[in-house]
Amino acid sequence: MTGRKATYIPGMDELMNGGFPEGTINLITGPPGSAKSLFGIEYIHNGARFDNEPGMLISLEESRDSMIRAARSFDLDLRSLEKEDRIYLIDLGRMRVECSASEELEWGLASFDTLKNLIQNQITLSGAKRLVLDSVTAMAIYYSSSELFRRELLKFSRFLRDAGITTILISEADIGACPGYGIEGFVADSMIEMDYMVTAGEYHRTLTVRKMRFTKHDPLKHPFLIMENGIEVSPDEVMD
Ligand SMILES: Nc1ncnc2c1ncn2[C@@H]1O[C@H](COP(=O)(O)OP(=O)(O)O)[C@@H](O)[C@H]1O
Ligand SMILES: [Mg+2]
């Protein structure tokens, strides 16, 4: 059996036989507020804390401060891990805002090639083993056609596989207008759907492992809660 990258999110790893198979690309989808970013933060934090594995979190959606602050409210100390060079938080959105559209084009800040360079450098420098890209949807808007986006995403996914890094790509669901939407699943080895719903006047958060290659997995929809220390999945409870 290949190695696993445990999330250490209570209840989660047992849905996928111990964790993400090493070197895979894993897509997490869900509407805004479904805790995708929190999942990504926990994956990177816990890998560094419990497995001593360097990780990278590249955000196009949130500022560094907002990531650190969100994590702190769950007692996850990203700042210390970063100071100790055990994790790397990269706010690509900020880098974009700080340069003009023409500079961005010239320097290719928005492209997958830039990401590749960033990631490759970090792997060389720190031996990064875990990566979160939040979000791949935000990358799509920088490509003029879905074909171009698809081609670049395919190349990017090949790079990630060759690099052997175990990746979470976060994707916003229900974004029909976005040219890239729907094709991310194509390059991913696994797909996890996060959602929330109201049944009988009660609010439920749910999580489903839709597909996962190279491993057995639980395909059912499970409730989860956001507790003081983060996400807690209930592997023994099933939703319709
Ligand atoms: N301390 C907290 N306790 C409980 N829930 C929280 C806390 N902080 C944030 N949340 C909730 O966690 C959810 C997760 O947000 P986030 O991970 O940013 O979602 P997404 O990335 O899918 O948009 C938010 O909807 C927010 O309501
Ligand atoms: Mg988010």
For residue 18: the one exception among (1) within 16 Å of ligand 2 (Cβ to nearest atom); (2) surrounded by fewer than 20 Cβ atoms within 10 Å (Cβ to Cβ); (3) at pLDDT 95 or above
(1)
Inter-residue pairs, beta-carbon under 8 Å, first on the phi > 0 side of the Ramachandran plot and in the range 111-140, second in a helix (DSSP H, G or I), 6+ apart:
none
What's the total number of residues in the range 125-154 that are touching an Asp or Glu at 6+ places or on another chain (Cβ under 7 Å), outside any loop (DSSP other than H, G, I, E, B) and within 16 Å of ligand 2 (Cβ to nearest atom)?
4
Residues in the range 142-161 that are in contact with a Gly (Cβ under 8 Å, 6 or more places away or on another chain) and either more than 17 Å from residue 26 (Cα to Cα) or surrounded by fewer than 21 Cβ atoms within 10 Å (Cβ to Cβ) (or both): how many?
5
Consider the range 62-92. How many of its residues are within 29 Å of residue 225 (Cβ to Cβ) and assigned to a helix (DSSP H, G or I)?
14
Of the conditions (1) more than 10 Å from ligand 1 (Cβ to nearest atom); (2) in contact with a helix residue (DSSP H, G or I) (Cβ under 6 Å, 6 or more places away or on another chain); (3) of a type outside the set (Ser, Thr, Tyr), residue 30 fails just one. Which one is it?
(1)
Residue match in the range 55-62 (condition: over 22 Å from residue 162 (Cβ atoms), of a type in the set (Asp, Glu), within 16 Å of ligand 2 (Cβ to nearest atom) and surrounded by fewer than 17 Cβ atoms within 10 Å (Cβ to Cβ)):
no
Quick one: in the range 33-54, of everything that is more than 16 Å from ligand 1 (Cβ to nearest atom) and among the small types (Gly, Ala, Ser), which residue is surrounded by the fewest Cβ atoms within 10 Å (Cβ to Cβ)?
48
So residue 152, is it modelled with pLDDT under 90 and not hydrophobic (A, V, I, L, M, F, W, C):
no
What are the residues in the range 160-180 that are within 16 Å of ligand 2 (Cβ to nearest atom) and either modelled with pLDDT of 75 or more or of a type outside the set (A, V, I, L, M, F, W, C) (or both), if any?
168, 169, 170, 171, 172, 174
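The values are calculated or read from the model by the stated rules, or taken from the named source; none is laboratory data. Since the model is a prediction, treat every value here as computed from it, not as a measurement. Because the Cβ atoms are built from the backbone with ideal geometry, glycine has one as well, and the counts that use them run over all protein chains shown.
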